[in-house]
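Beneath this line is the structure, given in structure tokens, with notes to follow.
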Amino acid sequence: MSLDTGFSYLELDFSRSKDGQWYLLHDWPSWASRTGYQGELPPVANDVVQRLGGYAAAPSIHGVKSSYSTVPLGDLLRILDQRSGFKVVTDTKTDEDAMLLLESIPEQYRERFIFQTYSLDGMRQMAGLLGEQRVILTAYQLHDWWRWDGFNEEFLAALRAYPKMFAVTVPLSVAYEKEKLGRLLSVGIPVLVHGRPDEINSYNLPRQLMERGVSGAYVD
């Protein structure tokens, strides 16, 4: 549905099975809760394949009913073959998993992916492999963002070394902290905000964020 409505970037969660296979899902505990799986987590791929679809989703949102399905990485690659013009923003939760996911994606597909990283070291490593234009620093996973004096000069200097980075992401609350957001915007890298669907999916919010200098928003 997102592709049919014209979205150019899709933020997708990725989780790895015990035997190293990747699936598009937020986390294994919630997957187990939805599918009724009661074994060890993470599961092996065979257990996931037996439970790919046909499960009830959460209550309908805005009147749209849906079902819960698990999508293997291979299925996503086939969609990339069929649909041009969009890119995937990854969310793996850790730098280590981001690197493992990169290694699992065939070379010919990698230009369609933008990788979230979760530390300055992870940012540097991924930028060295892919180029900074295909890297996001997920700043809301760092220790600095919640401090009143967060994003100090040492942190900003590290960002200035990557002026063409795709974006830095922060929690929605930072967009309303003028001084803190101003420090981040001064670097010149686009700033995105992250939040829950009930926070982000507001008619007026995009305009309010743009007025503050934020480039965009996304949800889990």
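Structure notes:
- Estimated Rh, segment 121-201: Kirkwood, alpha-carbon pairs, angstrom: 13.0
- Mean Cβ count within 10 Å, highest first, over the residues of peptides 161-171, 105-115: 161-171, 105-115
- Listed from fewest to most Cβ neighbours within 10 Å, the set 180, 93 follows the order 93, 180.
- Charge tally in the Cβ shell below 11 Å around residue 111, where Lys, Arg are +1 and Asp, Glu are -1, residue 111 excluded: +3
- The Cα trace of segment 78-177 gives Rg and Dmax of 14.5, 47 Å, the first to one decimal, the second as a whole number.
- Here the 3J(HN,Hα) profile of segment 137-143, calculated from phi with Karplus coefficients 6.51, -1.76 and 1.60 at θ = phi - 60°, is 9, 8, 5, 6, 9, 8, 7 Hz, Gly and Pro shown as x.
- Where the Cα pairs of the chain fall when distances are cut into 10 Å bins, in %: 7, 30, 35, 22, 6, 0
- Cross-link partners of residue 18 among aspartates and glutamates (Cα-Cα below 20 Å; sequence separation of 8 or more within a chain): 27, 40, 47, 75, 91, 95, 96, 97, 103
Every number here is computed from the coordinates shown, using simple stated rules; none is lab data. If you're wondering where the values come from, they're calculated on a predicted model, not measured in any experiment. Every residue, glycine among them, receives a Cβ derived from its backbone with ideal geometry; neighbour counts consider all protein chains shown.
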